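Taking it in order: structure first as structure tokens, then the write-up.
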Amino acid sequence: MILNKLSSREQFAAITGVFVVFALVMLPVKNGYILRWYDEMSLFMTGDIFLDRMTRYPGGILQYIGTWLTQLMYYPWLGSCILIALWLLLTLLCDRTWKLREGMRGLTLLPAMFLLASVLVLDEAWVSLNYTGYLFAPTLGAICAVAIAFAASLISRRMLRYAFLILCTLLYMPLGFYALLGVFIAALTDVRNCAKDERRQLYIALPVTIAAILIAPQLYYFLYTGMGGDRATLYVQGLPGLMMERYDLYLWIPFIGMTIALCVLPFFQGNTPAVDTPVKKQSKRPATIRKSSPATVVTVSLLFITGWYAVAAGQKSEQFRATVLMMQNIDTLRWDKITYIMNRIKEPPSFTMKIIGNLAAVKLGGGSGEVTYTPAEEQDPRHNEEFLMTAFVNVPVYYHIGNTHGSYRWAMEHTIKYGTRAFFIKYLVRNAIVHGEYELAARYNRLLLNTMFHRKWAGHFQRYIDNPDLIKDSAEFNSIPENPAGNSFV
């Protein structure tokens, strides 16, 4: 194995380099347009109201920061590079905290690998997942959890260390689940390093710390009147709002894997801190290489299996990829590209795609084909065709065929139920302008004017709000029929 010829530091650098290349290929190269769509289905709002709402939920601060960072996915390469940089920071923190055995340093990449998988596994579920900081918040939480363990390792006296960990459970409101995880893995680290003659202190401090982990969320729930959330999910608050059902198991797996990895890493520590020194060409070197080879094989194998899982998790149906591209072309009025996608897709087009294809055909001067829909007996709530039609189809298609009241209705319903998204706000602005409700359009548009990247779009439509006479010269507004009856194929 090539890695056996390298020192511990060189092995770690090589494996980390491979991870960076792998993440770049899987994120901006292969899925850049989907990351851009994730940003479109998110919105960071400035002002005290949004911040106050976030701080009322455990882990809300992580979600607030994560939502701000999600804006950067407007440029997928920029957002991906920042996300990968955060994963490298997490890996370096793990490496510094636990100093794994010779040949096993690469295992500190496992949490980052699972977090990469959590991004790749996301699909249509993003529409119904009311957790706008999903792409970045779990990574920030994992960094905070490991930082707690690292800070605890710097405290030499055991009782002071556990006093610090008990105080860290009070971070439950800003960090949620990750505060409890950080205290737990710090305690596991201490259990792993505890000498026999020190176990008496451990038997006293450890149960108290575990009790603090269990009690702190309950205290917040009963004593802090401003706290939101469900008591049944108190100990996983701060994780994405996934359903505790089999439908969401594929979304839970990456977070379960990350948690297990962080809990297991302390038990792979070396007996003494690893020191990276240049390997000299001496006769003793082959023996050292042979000794560390099994650990290297285990490390590479585990990383390969996790990477294979990440690739498998990132496999999305052709219908989903085509639908995302078609939705982006609706926004830019490229009806010809929608027709091109419909003609090129190899898998049978979904009901949603057929509706969008009909819209493109009408806009290009053709007729709409017949579309039939037969609901399945049992459907996954995240991928329910009827639900996705209301989000993907009704909002833009109703708008473009002239049923602006129907478009407004569905945009508002999804905003109320699943959170504010830039995509829906844009159609609220458009429909309000069509209806002549310019003050209302200005209120919606102000949300986009305060963003980093959607302000250009908002500035364009602000012209029609400030000067309605310009509407008659707009190609988009002129294409909206006043009587939708002839085009009602939805």
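Key figures for this structure:
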read-out	value
Dipole of the chain, positive end: most advanced residue of 25, 126, 474 [Cβ charges, Cα centre]	25
Solvent-accessible ranking of 89, 440, largest area first, probe 1.4 Å	89, 440
Order by protection proxy (mean Cβ within 10 Å, highest first), peptides 334-340, 311-317	334-340, 311-317
Loop-located trypsin sites (Lys or Arg not before Pro) in segment 1-73, at most 16 other Cβ atoms within 10 Å (DSSP)	56
Residue-wise HN-Hα coupling along segment 47-63, computed from phi with Karplus coefficients 6.51, -1.76, 1.60 (Hz; x: Gly, Pro)	x, 6, 5, 5, 5, 4, 5, 5, 6, 8, 10, x, x, x, 5, 4, 5
Peptides 456-464, 195-203 ordered by average Cβ neighbours within 10 Å, highest first	456-464, 195-203
Relative contact order %, segment 81-209, counting alpha carbon pairs below 8 Å whose residues are six or more apart	25
Sequence-separation-based contact order of the chain, relative, with Cα cut under 8 Å and 6+ spacing, percent	19
Share of carbon and sulfur in the accessible heavy-atom surface of segment 50-192 [1.4 Å probe, %]	70
Centroid-to-centroid separation of segment 37-75 and segment 183-229 [C-alpha atoms, Å]	30
Dipole-positive endmost among 328, 364, 91 within the chain (Cβ charges, Cα centre)	91
Net dipole in debye of the chain [+1 Lys, Arg Cβ; -1 Asp, Glu Cβ; about Cα centre; nearest 20]	2500
Distance from segment 242-257 to segment 107-142 (C-alpha centre basis), Å	12
Solvent-accessible area per residue for the chain (1.4 angstrom probe, square angstrom)	47
In Hz, Karplus ³J(HN,Hα) per residue of segment 435-446 (6.51, -1.76, 1.60; θ = phi - 60°; x = Gly, Pro)	7, x, 8, 6, 5, 5, 4, 5, 5, 5, 5, 5
Correct choice for P(r) over Cα pairs in 20 Å bins from 0, in percent that was computed from the model, options [x] 21, 47, 25, 7, 0; [y] 22, 58, 20, 0; [z] 21, 42, 25, 10, 2, 0	[x]
Pairs beyond 31 Å (Cα-Cα), from 337/426; 316/472; 30/337; 30/99; 337/472	316/472; 30/99
In sequence order, calculated HN-Hα J values of segment 69-79 (Karplus, 6.51, -1.76, 1.60; Hz; x Gly/Pro)	5, 4, 3, 5, 6, 4, 10, x, 5, 5, x
For residue 239, distant residues with modelled amide H under 5 Å away	177
Per-residue [θ]222 nm for the chain (sum of -39500 (n - 2.57) over DSSP H runs n ≥ 4, rounded to 500)	-20000 deg cm²/dmol
Ranking by accessible area, most exposed first, for 380, 466, 230 with a 1.4 Å probe	466, 230, 380
Nearest-ten-degree value, helix 199-223 long axis tilted from longest Cα axis of the chain	20
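The values are calculated or read from the model by the stated rules, or taken from the named source; none is laboratory data. Since this is a predicted model, take the numbers as computed values, not measurements. Positions of Cβ are backbone-derived with ideal geometry, glycine not excepted, and every protein chain shown enters the neighbour counts. Protein only, heavy atoms only, side chains kept; ligands, DNA and RNA dropped before computing areas. Shrake-Rupley method; radii C 1.70, N 1.55, O 1.52, S 1.80 Å.
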